[in-house]
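> Have a look at the structure that comes next, please.
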Amino acid sequence: MQATLRNRRFVSAVVLVNTLIGTAVVAAAPAPKAPKSPPVSVHLPSAAFAALETINPEHIRWHVRFLAHDLLEGRGTGQRGGDVAAEYIATQFAEYGLKPAGDNGSFLQKVPLVGITTTPETTFSLVPQHGGAMDLKPLDDYVASDQTQQPKSDVDADIVYVGYGIEAPEYSWDDYKGTDVRSKVLLMLVNEPPSDDPKFFKGKALTYYGRWTYKYEEAARKGAVGVILIHQTEMASYPWEVVRNSNSGEKSYLKLEGPALKVASWIHLDVARKLAAASKLDVDKMMADARSRDFHPVNLGAKLRAHMVSKVREFQSNNVVAMLPGADRNLKNEAVMYTAHYDHFGIRPDMPGDNIFNGAQDNATGCGILLEVARAYSVAAQKPRRSIIFASVTAEEQGLLGSEYLGKHPPIPAGKISLDLNYDDVKPLGSPEEVEVSGAERTSLYPAVVATAKEFRLAIRPDARPEAGHFYRSDHFSLARVGIPSFSINEGMKFKGHDEAWGLAQDREYTQKHYHQPSDEYHPEMDFTGDSAVARFGFALGWEAANASRRVEWEKGDEFEAARLKTQ
Ligand SMILES: [Zn+2]
């Protein structure tokens, strides 16, 4: 879900109308046939345009049909079905004549993973200065995991309240104020200081500083041993049940490459109230105090005594990475990247009935699009100036882990990757009249995105709930974190022949009945015209970025600008 080429050379409107008609013809026909009459574009080079015209919804269908088959066993990370899917994608890349860009001349990049389950032997007590210890009940009162990837860890440390736990120089905000928090446990709030000012933590929109993952990472960088997040439904934008469910059972991580917390935890708001009261404090006042720039950390005079016992399981999975070398002698050392995750949830043996999580829409569709875009580039009679990297990543459903590894270990230096375009969960509902490109407006590519959308007769649909932070919840974000201008391309809610209410109803039904459920399956009546349309749209954008004289960059002052500058 979730960039300004100054010299725009684009497909003409007339040409694109032809394209869209061509697509519709293909979708209605029983067998796919090549759209006819590749006209000459004054914008994209004619070779690019001819290649774009070969993008075919039925090709995307075939990939989805296979990848979502029961025989693929739900494409679980580190499971047989996931490995079969990776091998299928690698085989397609090979057939297209792309160069392997994984480990040791192969298409596969090994991603080392660790699964951690917090066991019932774990104990977690809050010990106030006065009064008895509060022994917390797992899942009801708290959830915790040990991120050091050790089977046992002990913590007995002072609890320091650090407000939002954010240090953001670009917004002149520092909750830590230089306080030494080494070996401390940090109590903090989720989200970020509320604001309507777009220049202050992007107003209503959530920035990465508001995500719990940032808070854990920053605390670990500062040498803290633990973090306790106070859950509050409005601040988190989801209820305690979500925290509880996503923390019961095994959690996966990349094999440790940096500092980590012995205790990464959440507590229920009621528990936070009791803890504060025992320190003669009031949670509501603490929350209010945190909204001020003048906030200073407060030592509660209480301790966390935790005995963490974890089951630690090492396993591995693979990203599938291919490259199409660029045509320009110098610029071929740079690249434009396309990504889509292939993993889903696998099989749940303990579940009665259909227990295969096929992940047809999430994200066989994105893989089908990625493969079809890759195939179209490979048949182009002339190649773009920069190289193109195609990466189908693993372990997205486990927390964007495959893409995180790819960002940390890219096939060429991150600073030389101009742009990442990601596809995740693209509805097979017919011909779209809208496109969603949340995050694109933060990059120098945006004017080109607007112009291309117009040529494709797609309205740009704004993010309906920027405060929910969707930008931070798909794979493009892992690449933004290492500075690469990145965003996802998807359809909006309006489809040809239907009003917006229909699109919203379809979306709601999918979310409620099929999203992350075994019923997210392939059906022959699925219509991949829209998947093909966003594939063509992304192909045109990627080609534009790959041929432009300058790399795509983040807009000035963007939260990822510093990461980009570090790699230049
Ligand atoms: Zn998913």
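> Taking amide H atoms as placed 1.01 Å from N in the peptide plane, list the residues 5 or more away in sequence, or in a different chain, whose amide H sits under 5 Å from that of Phe315.
Residues meeting the amide H criterion: Leu113, Val114, Gly115.
> Moving on to the next point. For the full complex of protein chains and a 1.4 angstrom probe, list Leu44, Leu269 by accessible area with the highest value first.
Leu269, Leu44
> Let me ask something else. Give me, ordered by chain and number, the residues 5 or more places off Gly346 or on other chains with an amide H under 5 Å from its own placed amide H.
The answer is Arg75, Gly76, Phe357.
> On to the next question. Near the amide H of Gly203, under 5 Å away, which other amide H atoms are found, from residues 5 or more places off or on another chain, if H is placed in the peptide plane?
Here Asp197 satisfy the definition.
> Something else about it: How do Leu400, Leu304 stack up against each other in accessible area, from largest to smallest, with a 1.4 angstrom probe?
Sorted descending by solvent-accessible area, the residues read Leu400, Leu304.
> Under 19 Å from a label point 7 Å along Cα→Cβ of Glu241: give me every residue in region 483-509 with its amide N that close.
508-509
> Now for a different question. Can you work out the Karplus-derived ³J(HN,Hα) for every residue in region 370-381? Use 6.51 cos²θ - 1.76 cosθ + 1.60 with θ = phi - 60°, whole Hz, and x for glycine or proline.
With the stated coefficients, region 370-381 comes to 4, 5, 5, 5, 4, 4, 5, 4, 5, 8, 5, 5 Hz.
> Given N residues in region 360-512, what is Rg(Cα) / (2.2 N^0.38 Å)?
1.07
> For the chain, what does the helix formula give at 222 nm: sum of -39500 (n - 2.57) over DSSP H segments with n ≥ 4, over the residue count, nearest 500 deg cm²/dmol?
Rounded to the nearest 500, it is -8500 deg cm²/dmol.
> Can you run phi through the Karplus equation (6.51, -1.76, 1.60; θ = phi - 60°) for region 418-425 and list ³J(HN,Hα) in whole Hz, with x for Gly and Pro?
These are the phi-based 3J(HN,Hα) values: 6, 6, 10, 10, 10, 10, 8, 6 Hz.
> So how do 554-562, 213-221 stack up, highest first, on mean other-Cβ count within 10 Å?
Per-residue mean Cβ counts within 10 Å order the peptides as 213-221, 554-562.
> Roughly how many Å² is the accessible area per residue of region 325-466, as a whole number, for a 1.4 Å probe?
That works out to 31 Å² for each residue.
> Sorted by accessible area with a 1.4 angstrom probe, largest first, how do Ser153, Ser183 fall?
Reading off the accessible areas and sorting them downward yields Ser183, Ser153.
> Give the lysines reachable from Lys303 as a straight Cα distance under 23 Å; neighbours fewer than 8 places away on the same chain don't count.
List returned: Lys137, Lys152, Lys177, Lys184, Lys215, Lys222, Lys262, Lys274, Lys280, Lys285.
> Pop out the ³J(HN,Hα) list for region 296-311 in order, Karplus 6.51 cos²θ - 1.76 cosθ + 1.60 with θ = phi - 60°, rounded to Hz; leave Gly and Pro as x.
With coefficients 6.51, -1.76 and 1.60, one gets 10, x, 10, 7, 6, x, 10, 10, 9, 10, 10, 10, 9, 10, 10, 8 Hz.
> Also: Want the number for Lys177 to Glu525: 0.36 nm per residue separation, take away the alpha-carbon distance, what's left?
Once the chain is fully extended between Lys177 and Glu525, it gains 119.4 nm.
> Let me ask another. Under a cut-off of 27 Å between alpha-carbon atoms, report the lysines in cross-link reach of Lys99, not counting same-chain residues fewer than 8 places apart.
Within the straight-line limit of under 27 Å, Lys99 reaches these lysines: Lys110, Lys332, Lys383, Lys408, Lys416.
> What percentage of the solvent-accessible surface of region 409-486, computed with a 1.4 Å probe over protein heavy atoms, is contributed by carbon and sulfur atoms?
Heavy-atom surface of region 409-486 belonging to carbon and sulfur, 1.4 Å probe: 55 percent.
> Evaluate Rg over Rh across the chain, taking Cα atoms for both radii and Kirkwood's formula for Rh.
0.99
The values are calculated or read from the model by the stated rules, or taken from the named source; none is laboratory data. Just so you know, these numbers come straight off a predicted model, no measurement behind them. Methodologically, a virtual Cβ is constructed for each residue, glycine included, from the backbone with ideal geometry; neighbour enumeration extends over all protein chains shown. Surface areas here come from the heavy atoms of the whole protein model, side chains and all, with no ligands, DNA or RNA. Shrake-Rupley method; radii C 1.70, N 1.55, O 1.52, S 1.80 Å.
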